[in-house]
Amino acid sequence: MQLKGKTAIITGASRGIGRAIALSFAKAGANVAINYSSSHIAAQEVVNEAIKYGVKAEVIKADVSDYLEVENLIERVLNEYGSIDILVNNAGITKDNLLLRMTEEDFDKVMNINMKGTFNFTKAVSKVMVKQRKGKIINIASVVGIIGNAGQSNYAAAKAGIIGFTKSVAKELGSRGINVNAIAPGFIETDMTAVLSDKIREQFTNTIPLKRPGKPEDVANAALFLASDYSDYITGQVLNIDGGMVM
Amino acid sequence: MIFEKVQEKIAEQLGIDTDDITMESSFIEDLGADSLDIVELLMALEEEFDIEIPDEEAEKLVTVGDVVDYIKNNQ
């Protein structure tokens, strides 16, 4: 039980990678706050699964791009559990299009949820963690934030932004015992990638040395490591979980 | 009275002796604070005295005396 008695907040935890991380943390003994923005039923199902591991779990609706909602969520979790040990900034959306066809609105939406959401949660939780002199912040970036991807200039910009943000905050908060790292997933089987055509999926898979797409659990394993004491001397890093796609 | 409370908060934040903290002490030069220490300290003082210290004012607070005066004038 690597996370026994710890409290974790996972944003965008109703589905996909967020869901897998929440369940892996619960299995490791952590109480989990399951943040979601629209999929209430799916979020509730994650809670039902999590409590089977004998931990506390609850759903908390909040728009990650709204600082006040985020601050209220943090306060609520703190009052209830007494500490916040782990934050996973996972909430993310895509609005793919070629730059020439991308609307300003689609650019802003992706930046607001992916990048600003990460800023909002990290800022609000850092007040708590600085006082605790301890904490683990894990930001879910993407390999496209490193190598770019045609049709995803908004998403890639947001994810690259998250990487720069991670490194800066790691430098700011290191002296307070707070570790800040990023995970850059490659091609992972989730609802987000289910929309891609078979041809594109095959193309992706061919570029992966391990010759298979990743599972949400592959990412959750890395998150568990970065949330646990085993990673106490690691901060400001980006860990690619991509079957070797980027190296 | 304000000075004693401020002194106490600084000692707690920086892990130093209250005797080493005078009205003339500069946070960075004399007390060894870094920028994050100062932000944390000001947040703690805002809570303690129920005041708000805007960023542009915070920049001007160099010594313990600056902070004590600011609190006196804004409480």
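The values are calculated or read from the model by the stated rules, or taken from the named source; none is laboratory data. Fair warning: this is a prediction, and the values are worked out from it, not measured in the lab. When we count neighbours, we look across all protein chains shown, and the Cβ atoms used for this are built from the backbone with ideal geometry, even at glycine. In case anyone asks, the SASA skips ligands and DNA or RNA and just uses the protein heavy atoms, side chains included. Shrake-Rupley method; radii C 1.70, N 1.55, O 1.52, S 1.80 Å.
Summary: within chain B, the longest segment free of GluC sites (Glu not before Pro) located in DSSP loops with at most 15 other C-beta atoms within 10 Å is B:1-23. If you take the Cα centroid of the stretch A:193-228 and the Cα centroid of chain B, the two points sit 50 Å apart.
Once the Cβ-Cβ distance of A:E75 and B:A44 is raised to the sixth power relative to R0 = 22 Å, the FRET efficiency obtained is 0.80. Counting only protein heavy atoms and a probe of 1.4 Å, the accessible surface of the stretch B:2-74 is 43% carbon and sulfur. If R0 is taken as 41 Å, the Cβ-Cβ distance between A:V246 and B:E12 corresponds to a FRET efficiency of 0.35. Per residue, the accessible area of the stretch B:1-67 comes to 59 Å², computed with a 1.4 Å probe over protein heavy atoms only.
Close amide H contacts of A:I60 (hydrogens built in the peptide plane, cut-off under 5 Å, sequence separation of 5 or more or a different chain): A:I34, A:N35, A:Y36. Please give me the summed charge of the neighbours of A:V128: other residues whose Cβ is under 14 Å from its Cβ, Lys and Arg +1, Asp and Glu -1. My count for the surroundings of A:V128 gives +3. Taking every C-alpha pair closer than 8 Å and separated by at least 6 residues, the mean separation divided by the residue count of chain B gives a relative contact order of 37 percent. When the square roots of the Cα gyration tensor eigenvalues are ordered a ≥ b ≥ c, the ratio a/c for the stretch B:2-74 is under 1.5, which makes its shape rounded.
For the pair A and B, the buried accessible area comes to roughly 500 Å² in total, with a 1.4 Å probe and the value rounded to the nearest 100. Here each label is just a point 7 Å from Cα along the line to Cβ, and for A:K134 and B:E59 those points are 3.8 nm apart. Annotation: extensible slack from A:I41 through A:L98 equals 17.2 nm (criterion: 0.36 nm per residue apart, minus Cα-Cα distance). Computed over the Cα atoms of the stretch A:104-228, pair by distinct pair, the Kirkwood hydrodynamic radius stands at 15.8 angstrom. When the trypsin sites (Lys or Arg not before Pro) in the stretch A:20-62 are filtered for DSSP coil states and for at most 12 other beta-carbon atoms within 10 Å of their beta-carbon, the remaining sites are A:K52.
Set the Cα radius of gyration of the protein assembly as shown against 2.2 N^0.38 Å, with N its number of residues, and you get 1.11. The relative contact order of chain A comes to 19 percent, based on Cα pairs under 8 Å that sit 6 or more residues apart.
For the stretch A:146-230, the list of trypsin sites (Lys or Arg not before Pro) that fall in a loop by DSSP and count at most 14 other C-beta atoms within 10 angstrom reads A:K211. Annotation: per residue accessible area for chain A equals 47 Å², rounded to a whole number [probe 1.4 Å, protein chains only].
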